[in-house]
Amino acid sequence: MGKVQLQISRRTFLKSALAGSAGLAVAGGHAIPAVAAPEGSAEPPWFYRGQIKTTYSVCDMCPWRCGITVQSVGDRVYKIDGNPADPKSRGMLCARGQGGVSFMYDPDRLRSPMLRTGERGEGKFQEVTWPEALDAMAEKLLAIKEQYGPESVAVFGHTSGEFWFADYFAQAWGTPNAAKPSSSLCTSPREEASNLTLGFPVGGHEPVDWEGLRCLTLIGSHIGEDSRNTVMQDFAKAWGRGAKVIVVDPRFSSVAAKADYWLPIKPGTDTALLLAWINVLIAEKRYDADYIAEWADGFDKLAAHVADLTPEWAAAITELDPELIRTTARVMADSLPQSLIMPGRHVTWYGNDTQRMRAAYTVNALLGAYGREGGFYFNKSPYIEAYPHPPFAVAGSAGGCSAEPGAESAELPVGPSGKARADGARTKFLRGATAMQELIEPMITGEPYPIKALIVYGTNLLNTVPDVPRTIEALKNLDLVVAIDVLPMEHVAWADIVLPEATVLERYDELWTVAHKTPYIALREPAVEPYADTKPAWWMARELGMRVGLENYFKWETAEEYINTRLQTIGSSIEKMREEKGIIVQKGKPYFADFKGSSPFLTKTGKIELYSDELALAGQDPIPVYTPTEDPPDGFFRLLYGRHPVHTFAKTQNTPLLHELYPENELWINAGIVAAQGMKDGDRVWLENQDGARSGPVKLKATERIRPDAVFMAHGFGRNEPALTLANGKGANDAQLQTRYILDPISGGAGMRVNFVRIVKEA
Amino acid sequence: MATNAFLLDISRCIGCQACTAACKTGNELPAGTQFIQLIEQTRGTFPNLEGGFQNHRCYHCTDAACVSVCPTGALFKEGGMTRLNRDVCSGCQYCTDACPFDVPQMVDGRCSKCDACADVVAAGGTPWCVRTCPSDALRFGDRQEILAEAQSRVAAIKERYPKARVYGETEAGGLGVIMVLPDDPEVLDLPANPQVPLLVNTWQKVVQPATMGLTGLSILVTGVAAVIARRNHMQELKLLHKEEAKADESK
Ligand code: SF4
Ligand code: SF4
Ligand code: SF4
């Protein structure tokens, strides 16, 4: 009798742990008799090995941050699934999310705090205790502050614990020089173009109102290769409903293969295509005239500006068929206002990227997409109070894709000794979040003032910031380099102090608050104890704060206390959130009707600014203009880079599961070129860029799927760190081949698709 | 037991490999073993291209060749699925030779293939791959419901893909994976008419009876069995190839 009951309760338990949201078996209530745990020689499956514990958390295998349920038995995590209550994952995960367990159990992880013993860059360290490491760091930081001021400490932060260092600690300490690669090396142009045109940023989650969408246009967005889970789900549904898909890409990407129209554009000419589309929409009176009359400013100037920018004009530039340009404009217009160009994510391409994004938003305005069902919804941040800390020494976060939407003020925030950002904002470029790559220069030149210390939290410094030789020079110049990471990434060898971090499955974190159609808050709790002598970022930031005189900011003793204090302001708690499956969803304001007559656009005019006075005043083009980008010289190809669906940044290449699925990158190159040059598919070659930088060897992928003037590779490979035992030496490194970039004069973004490579047969 | 089936919508699959990864973690597959492989397919020349992904996995054939030839009962049919009990596999490799889709692999000397997440399903769950597929390209459930879903999906994509069709309803005696294809099977690297009946019939009627005496032994003495069975099998293969040659001649 007892045995039977045990089986029943185990089965019920399993059901809740194993049952998913997808699939007919569960949805249709298919009762298939339970079998007992398999008997015999083989080990039973993990879910029969003991009581399954489910922990609610948030994935960190990419910046998208899907809600997850973490299944563990005893002190071991076995499986991560999508949290069905989470608005992003909806019970599903991408391959990388599935690899979160493997990321945690990577045997190459950093295990203990370390202090440098050899020369900087040699990678020689001794393991020390946490108090030793933190005391050393605190002492050095205070000395630098004493001599140069707190602004001389730069903090780079990436991945979801970045808040504790790049936001909380940096602001409490008093440096405006905190930066995130998710801004100037990724989304800054898209955010600033949106701020300038609509008066608010795009925000982390592109606010596409997928449910009613009838026509989707992608420019260089690779849904499926960029495997952001929710976007793949939404795309599949819209596509399945028969929504039209237009893909503009020099490469026949996975999503181009699903498109109704593929425009194999010459790289760098997208703005010409956008202007021609605008020309067709206006010349053929296919735009949403009522919407433009009510919500847009500067239409007449726009119409005059594009009057001659016909498809024929653009065809000569883009190498596209003018009829294809005309047809696609009509297809877009046929479905308006349920028709839009998706902003995309990584848009720092050619250095004129804010203008390209403004051109895309202009098309979206002509299609009447903003604030319309099936177009773009207006997102809203969830309501919750910040932790009641004393006012920060320097207000204004580093920005980045997790930043709160906020208006750019005329004055840049200044640190306690009166210094504003050292990245050249307002001089080298106009506005936006701190530009990480521009903080490297002051580390070398001391201009406008010296940066003497660098804290690198989770940022893959040498695989992310273009112009690696310059970054190395900066690293040699600094008085203090601290690396906080999970794995021994290349830059860790350059640190004086190494602080090993616990992964997201082993730690609490700041609440994840998401601006969304349905604003929501997600909880991250640890499923297991941290590995070896690793610690969570909140603990490190606090311990450091206590040592450098910031006790007032760290009155909370544990992350739970911090989180509960915040949750209290909305009548919740960690305990309650657990009961609600780790998610609190609030009500949004997605459409015009929700604004009850007031304008949702937060520009000066309260309208969509097709013509920007602000840009005109700053000496920039008030309406986007096509500016040509340099062509590759003879024998060279433009180096394009992007994602493989099972990898993120330069973060996952060493993760055993994901490494197995895609161990090395390949060079996509037009099959005709390969044949003409007497090479063949699978040959291993080296790449040399315009400045003589080399990387490889990398396997050729001879394919029809790419234009002859460009090559493509997945980012994050070709690693140079023996301690990354799986990833080291596999494939080619795009970052090493990006020795130059073009600064976007508006947003401070670093356009990186301006590098060219040629193929050399040996090292 | 109800007859189940998978839905595999090739037109919708975007090649993200979430299924492969979920299967590996959920089933704790050892390094190097994958039950699903995504293989990029490209047709045409730049810029007139079509493409997608082959989703190579066990198709859970109704008349499964691997089951027919498995001498130990390690491979068996249940609820429409081709199940595997690795504990009784003798490692003879008959299945790897028989499968028309080249699915079973030998891992640590025993057969390794998708077991349709039988333990998960028995406990009320959904196969790991199905549960995570972000594109809704995978489903699992009652075969009739799956077939109806496949048919309605084909109808929905006809405008985009005039040659769209269901695959697996009858092919190879019916598959346990019902596919939605955007094009003809040959174009997508699938056999238009999988030759399973010929193979299996030949095997069952001609080849196996000739060597059955020896193979029976393998069920009792698993350790020695693999060697003996493998040796038998090589003889059988020779016989099989003769039969195949005969069949070819008579065409
Ligand atoms: S998209 Fe994938 S890696 Fe990114 S958060 Fe979601 S599951 Fe994790
Ligand atoms: S998870 Fe779905 S979309 Fe992704 S590869 Fe597998 S079947 Fe295709
Ligand atoms: S059904 Fe289970 S075992 Fe088979 S491929 Fe899917 S996840 Fe793997």
Taking 7 Å along the Cα-to-C-beta vector as the label spot, tell me the A:Lys53-B:Asn48 distance in nanometres, rounded to one decimal. 6.2 nm
Go from 0 up to the bin containing the longest alpha carbon distance in region A:115-185, width 10 Å each, and give me the % of pairs per bin. 18, 37, 40, 5
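What does the helix-only formula give at 222 nm for chain A: each DSSP H stretch with n ≥ 4 adding -39500 (n - 2.57), the total divided by the residues, and the result rounded to the nearest 500 deg cm²/dmol?
Only helices count here, giving -7500 deg cm²/dmol.
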Enumerate the lysines that A:Lys589 could reach by cross-link, defined here as Cα to Cα under 17 Å, with residues fewer than 8 away along the same chain left out. A:Lys380, A:Lys517
First compute the accessible area of region B:4-196 with a 1.4 Å probe, then give the percent of it belonging to carbon and sulfur atoms. 46 percent
When the accessible area of each residue in region A:245-271 is compared between its chain alone and the complete protein assembly (1.4 Å probe; ligands, DNA and RNA ignored), which residues differ by at least 40 Å², being lower in the assembly? A:Phe252, A:Ser254, A:Lys258, A:Trp262
Would you mind getting me the FRET efficiency between A:Asp594 and A:Glu43? Use the beta-carbon distance for r and R0 = 56 Å, nearest 0.05. 0.55
Leaving out ligands, DNA and RNA, what percent of the accessible area of region A:467-605 is carbon and sulfur, probe 1.4 Å? 51 percent
What total accessible area, in Å², is buried where chains B and A meet, using a 1.4 Å probe and rounding to the nearest 100? 5200 Å²
Work out the FRET efficiency for B:Asn193 and A:Thr327 from their Cβ-Cβ distance, taking R0 = 41 Å, and round it to the nearest 0.05. 0.55
Taking a point 7 angstrom from the Cα of A:Met546 along the C-beta vector, which residues in region A:104-146 have backbone N less than 11 Å away? A:131
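What does the extension gain come out to for A:Lys761 and A:Asp631, with contour length at 0.36 nm per residue minus their alpha carbon separation? Kindly include the intermediate steps, with their values, before the conclusion.
Details: separation 130, 0.36 × 130 = 46.80 nm, distance 2.33 nm.
Length gained, A:Lys761 through A:Asp631: 44.5 nm.
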Integer Hz, Karplus 6.51/-1.76/1.60 couplings in order for region A:433-449, x for Gly and Pro: 5, 4, 8, 4, 5, 7, 8, 6, 3, x, 5, 9, 8, x, 10, x, 7
Cα-only Debye scattering, region A:179-278: base-10 log of I(q)/I(0) at q = 0.23 Å⁻¹: -1.42
Probe 1.4 Å, accessible area per residue of region B:4-196, Å²: 32 Å²
Extended-chain gain in nm, criterion 0.36 nm per residue less alpha-carbon gap, A:Lys428 and A:Glu557: 42.3 nm
When region B:78-199 is reduced to its Cα atoms, the Kirkwood hydrodynamic radius in Å: 16.3 Å
Mind listing, in residue-number order, the residues in region A:88-131 that have at least 10 Å² less accessible area with every protein chain present than in their own chain alone (1.4 Å probe)? A:Gly91, A:Met92, A:Leu93, A:Ala95, A:Gln98
What is the sum of charges, Lys and Arg at +1 and Asp and Glu at -1, for the other residues whose Cβ falls under 11 Å from the Cβ of A:Leu478? +1
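Taking Cα pairs under 8 Å and at least six residues apart, what relative contact order does chain A come out at, in percent? It would help to have the intermediate numbers written out before the result.
Values: 1739 pairs, mean separation 142.0, N = 763.
RCO, chain A: 19 percent.
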So the FRET efficiency between B:Gln37 and B:Met106, C-beta based with R0 = 25 Å and rounded to 0.05, is 0.95
What does the charge count around A:Thr230 come to, taking other residues whose C-beta lies under 14 Å from its C-beta (Lys +1, Arg +1, Asp -1, Glu -1)? +1
Say each of A:Asp691 and A:Tyr449 gets a label point 7 Å from the Cα, pointing the same way as Cα to Cβ; how far apart are those two points in nm? 2.9 nm
Got a number for carbon plus sulfur as a percent of region A:54-196's accessible area, 1.4 Å probe? 47 percent
Which positions within region B:2-25 get 40 Å² or more of their accessible surface covered by the other protein chains, compared to the chain by itself, with a 1.4 angstrom probe? B:Arg12, B:Ile14, B:Cys16, B:Gln17, B:Ala21, B:Lys24, B:Thr25
In cubic angstrom per residue, the convex hull of region A:637-760 built on its Cα atoms measures 114 Å³
Too-long pairs where the Cα-Cα distance tops 30 Å, listed order kept, from A:Lys452/A:Lys730; A:Lys124/A:Lys428; A:Lys266/B:Lys163; A:Lys237/A:Lys587; A:Lys680/B:Lys113; A:Lys124/A:Lys535: A:Lys452/A:Lys730; A:Lys124/A:Lys428; A:Lys266/B:Lys163; A:Lys680/B:Lys113
Based solely on C-alpha atoms, express the radius of gyration and the Dmax of chain A in angstrom. 26.0, 85
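Using 0.36 nm per residue of separation minus the Cα-Cα distance, give me the extension gain between A:Arg470 and A:Ala618 in nm, one decimal.
Gain on extension, A:Arg470 to A:Ala618, equals 50.3 nm.
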Where the centroid of each part is defined by its Cα atoms, how far is region A:272-305 from region B:77-126 in Å? 60 Å
Solvent exposure of chain A as accessible area per residue, Å², 1.4 Å probe: 34 Å²
Over 25 Å between alpha carbons, listed pairs A:Lys88/A:Lys581; A:Lys180/A:Lys258; A:Lys701/A:Lys761; A:Lys258/B:Lys24; A:Lys244/A:Lys285: A:Lys180/A:Lys258; A:Lys258/B:Lys24
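The values are calculated or read from the model by the stated rules, or taken from the named source; none is laboratory data. Computed from a predicted model, the values in this text were never measured in an experiment. Don't worry about glycine lacking a Cβ; one is built from the backbone with ideal geometry, like all the others, and counts go over all protein chains shown. Accessible surface areas use protein heavy atoms only, side chains included; no ligands, DNA or RNA. Shrake-Rupley method; radii C 1.70, N 1.55, O 1.52, S 1.80 Å.
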